[in-house]
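Peer 1: Dumping the structure here so I can ask a few things about it.
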Amino acid sequence: MPAARRSRIAAALLALGATLAGAQAMYRWTDTEGHVHYSDRLPKGYTGPFTVIQPDKPAAPAAPGVYVPPFPGTAAQPTETAPVAPEDIGAKRRETRRSLEARVQKARERLAAAKRARDDGDGMQDDEHQIVQRSGTPADFANINRSNCTYSRDKNGKAVAMCPTLVPSEAYWDRMKALDDAVKSAEAELDAAQEAYVRGVD
């Protein structure tokens, strides 16, 4: 390609770039010698074919207040959360009341069970007694098999009986104390539950 032609094409491309930057239309036309030209207007008296080149439209600016992600694929602006419904104070109070009533009822049942366990558990079990020798008058042991007793007289000549007797061991008293403590704990829990019910708080 001749140097003169290359210079004309380069000049035409520069003119095209400058024109596109100014957002104006360009004309592409060919002269009688077959040379292609670019200009912002056709030559005076030109009747040959030509092409109109429209510049690209610039992107429309974002509307005020609309979030546009800086890069493709980035997350869009979070949408507003739905408004939270106002709290139903009446329903909350009824639920609190039911909870407090249930606590009182449970404490009463626990206390009743603890008292039954204490009342039913006062008898000695097989491993909770021991045998000791007790002395007294024969009348004191009237309900005991006399074959298990020995009799004598004291220095004043009064009859004395010595009989083996079952008495509670330390294990028995430990168990009874545990039953008593369970009753006291249940009573304290019932008092606390009733107080909470009166105050309306748990």
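Peer 1: Can I get the semi-axes of the range 129-168's equivalent ellipsoid? Compute them from the C-alpha gyration tensor as square roots of 5 times the eigenvalues, in angstrom, largest first.
Peer 2: On the way: eigenvalues 77, 21, 12 Å².
Taking √(5λ) for each Cα gyration eigenvalue gives 20, 10, 8 Å.
Peer 1: Counting other C-beta atoms within 10 Å, which of 141, 50 has the fewest, and how do the rest follow? If you can, show how the numbers build up before the last one.
Peer 2: Working: 141 20, 50 15.
Fewest-to-most Cβ neighbours within 10 Å comes out as 50, 141.
Peer 1: Could you pull out every one of the lysines with an alpha carbon less than 20 Å from that of residue 106, ignoring same-chain neighbours closer than 8 positions?
Peer 2: Qualifying lysines at Cα under 20 Å: 115, 184.
Where a number appears in this text, it was derived from the coordinates with a stated rule and is not lab data. This one's a predicted model, so the numbers in the text were calculated from it and none came from an experiment. For neighbour counting, all protein chains shown are included, and Cβ atoms are generated from backbone atoms with ideal geometry for every residue, glycine included.
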